[in-house]
1. Determine which member of the set T172, T196 is among the hydroxyl-bearing types (S, T, Y), part of a loop (DSSP other than H, G, I, E, B), open to solvent by 30 Å² or more (accessible area, probe 1.4 Å) and without any contact (Cβ under 8 Å) to a residue 12 or more places away in the chain.
2. If we keep just the residues of the range 50-68 that are hydroxyl-bearing (S, T, Y) and surrounded by fewer than 23 Cβ atoms within 10 Å (Cβ to Cβ), which is nearest to Q386 (Cα to Cα)?
3. Scan the range 131-150 and give yes if some residue there is closer than 15 Å to K195 by Cα, modelled with pLDDT of 95 or more and under 18 Å from the mean Cα position of the chain (by Cα), otherwise no.
4. List every residue pair whose Cβ atoms sit under 8 Å apart, with the two residues 6 or more apart in sequence or on different chains, where the first one lies in the range 296-308 and is hydroxyl-bearing (S, T, Y) and the second, anywhere, is at pLDDT 95 or above and in a loop (DSSP other than H, G, I, E, B).
5. Just wondering, is there one or more residues in the range 312-328 that are open to solvent by 10 Å² or more (accessible area, probe 1.4 Å), farther than 24 Å from T406 by Cα and assigned to a strand (DSSP E or B)?
6. Can you spot a residue in the range 266-283 that is surrounded by fewer than 17 Cβ atoms within 10 Å (Cβ to Cβ), under 20 Å from Y175 (Cα atoms) and at pLDDT 95 or above?
7. If I filter the range 130-152 for residues that are farther than 19 Å from T101 by Cβ, touching a helix residue (DSSP H, G or I) at 6+ places or on another chain (Cβ under 7 Å) and basic (K, R), do I get at least one hit?
Amino acid sequence: MNIRPVVLALLLSVSIPAAANAITVKAVQSPSGVETWLSEEHSVPIIAVSIAFPAGSVYDPTDKPGLATFVSSLLDEGAGDLSSEAFKQALEARAIRIGATADRDYITVSMTTLKENADEAFRLLGLVLAHPRFDAEAVERMRVALLASLKQEDEQPNSVASKSWFATYFGTHPYAHSDSGTPSGVQAVTINDIKTFAADHMVRDRVKMSVAGDITEADLRRYVQQLFVSLPTKTVPVVSRPPEAAKPSSSVIPRNEPAPVAMFGFAGPMRLDPDFIPTFVANYILGGGGFSSRLMDEVRDKRGLTYGISTYLADYKSSALIVGSVQSEKSKISTALDVTKSELARFANNGATAKELADAKTYLTGSYPLGLDSNVKIARTLNAYQRQGLTPDYVEKRNALIQGVTLAQVNAMAKKWYDPSKLVVVIAGTPEPAAAGQNQKQGNAAK
């Protein structure tokens with residue numbers, strides 16, 4: 001019996017007992033020109049790697065949405081002289097994990113290995129990056145899987161609402177289509193499309209790599225050179241920003257849903273905008289704080305209109321959003337949205353309280369280390385920070401930035417960014433007219 005996978009699983013479950021401000025991140029340069037962020041941590045013999053290429057769905061051809069996701073799904077399906085089955089056996093034999101996902105901006109490749117297997121793990125990872133096979137059998141098998149996934153998404157009102165919202169908000173911009181694509185797009189993708197996309201985007205330009213765990217800076221330089229020396233140096237263009245924010249609108253996707261889902265949102269601050277951190281804190285107060293948020297209190301707890309409602313900041317390479325969603329019974333969804341808009345207006349007009357700000361700071365700073373308590377989480381988080389254009393010392397500075405937010409800043413952000421008259425709203429599912437009692441209750445609440 002191969003016990004390595006069991007050992008890896010056990011070690012991955014071990015938390016690193018370190019505070020966020022105790023994590024040191026180095027920017028390591030290699031001869032290949034790729035800068036890698038390194039967080040050395042030698043108490044657990046695990047190495048985690050996260051590598052992002054500018055290869056997201058924003059680069060999908062207009063007639064083949066889903067190409068980037070198709071490519072990412074095939075990166076662990078054979079590489080070099082190893083077929084799909086042989087490659088997966090090689091991974092399993094050494095308890096190495098390699099996988100890839102696509103979002104709107106990037107394809108992110110991840111790898112986790114025991115330190116003792118690092119040489120083989122980085123060799124296999126190098127094959128994935130430079131010599132993916134894209135065999136016909138694997139392509140057709142993944143095509144079937146992707147189409148099945150799309151069919152499942154189309155049966156879920158939250159997915160339907162999200163896809164329609166992005167299409168409505170972004171219009172003709174490439175962010176408009178879902179990274180999962182469409183059935184016709186996935187059907188149209190050819191092996192040549194896949195190979196060309198990988199050759200154009202799995203390159204050194206704008207690649208972001210982060211590594212955390214039981215590895216030295218010297219070994220990392222050697223592995224990075226090994227990974228990227230054979231990759232092309234061609235340039236990948238940055239997609240332009242949408243010319244203007246979407247106009248406010250509200251639309252319904254007719255569906256016989258017992259519990260429709262509404263997605264709502266508007267423009268938000270870019271990640272490097274000075275507004276971002278105080279808006280992040282403000283959003284926690286309004287809708288990002290789970291059961292502590294105002295929207296959860298007003299829409300769920302006081303009125304019983306939903307099991308859950310939330311808002312979050314979504315930042316992309318070329319755009320930024322504040323987005324929320326709520327699900328309710330078809331006779332209550334309109335009232336839930338009315339209460340949500342009323343609370344947005346109250347937040348914009350009156351701001352937060354000193355207690356709400358203090359509670360937000362306590363949670364946001366206290367919970368931060370929980371997202372950095374394993375090498376896998378550290379590598380993933382650092383890679384996200386790289387993609388956002390932050391500096392290696394951001395982990396050390398982050399909590400101080402949160403603590404430095406003032407009530408005046410929060411209230412200014414509430415007024416600037418949370419105007420309900422700017423909302424774009426999409427409801428997946430046909431609402432029914434609200435009962436008279438619900439309308440009266442909302443009328444009283446809005447006063």
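1. After applying the criteria, what remains is T172.
2. Y59
3. No, that holds for no residue.
4. Listed by first residue and then by second, the contacts come to T306/S328; T306/K332.
5. Within the range 312-328, one or more residues are open to solvent by 10 Å² or more (accessible area, probe 1.4 Å), farther than 24 Å from T406 by Cα and assigned to a strand (DSSP E or B).
6. Here is the first cut: in the range 266-283, the residues surrounded by fewer than 17 Cβ atoms within 10 Å (Cβ to Cβ) are 272-274.
From what is left, the residues that are under 20 Å from Y175 (Cα atoms) are 272.
Subset that is at pLDDT 95 or above: 272.
Yes; the residues of the range 266-283 include at least one that is surrounded by fewer than 17 Cβ atoms within 10 Å (Cβ to Cβ), under 20 Å from Y175 (Cα atoms) and at pLDDT 95 or above.
7. Within the range 130-152, none of the residues are farther than 19 Å from T101 by Cβ, touching a helix residue (DSSP H, G or I) at 6+ places or on another chain (Cβ under 7 Å) and basic (K, R).
Rundown of residues vs (1) surrounded by 15 or more Cβ atoms within 10 Å (Cβ to Cβ); (2) of a type in the set (D, E); (3) out of contact with any helix residue (DSSP H, G or I) (no Cβ under 7 Å at 6 or more places or on another chain), yes/no style:
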| site | (1), (2), (3) |
| --- | --- |
| K208 | yes, no, no |
| G213 | yes, no, no |
| V224 | yes, no, yes |
| V236 | yes, no, no |
| A245 | no, no, yes |
| S251 | no, no, no |
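The values are calculated or read from the model by the stated rules, or taken from the named source; none is laboratory data. What you see is a predicted model; the values in this text were computed from it and never measured. Methodologically, a virtual Cβ is constructed for each residue, glycine included, from the backbone with ideal geometry; neighbour enumeration extends over all protein chains shown. Only protein heavy atoms, including side chains, enter the accessible area calculation; ligands, DNA and RNA are left aside. Shrake-Rupley method; radii C 1.70, N 1.55, O 1.52, S 1.80 Å.
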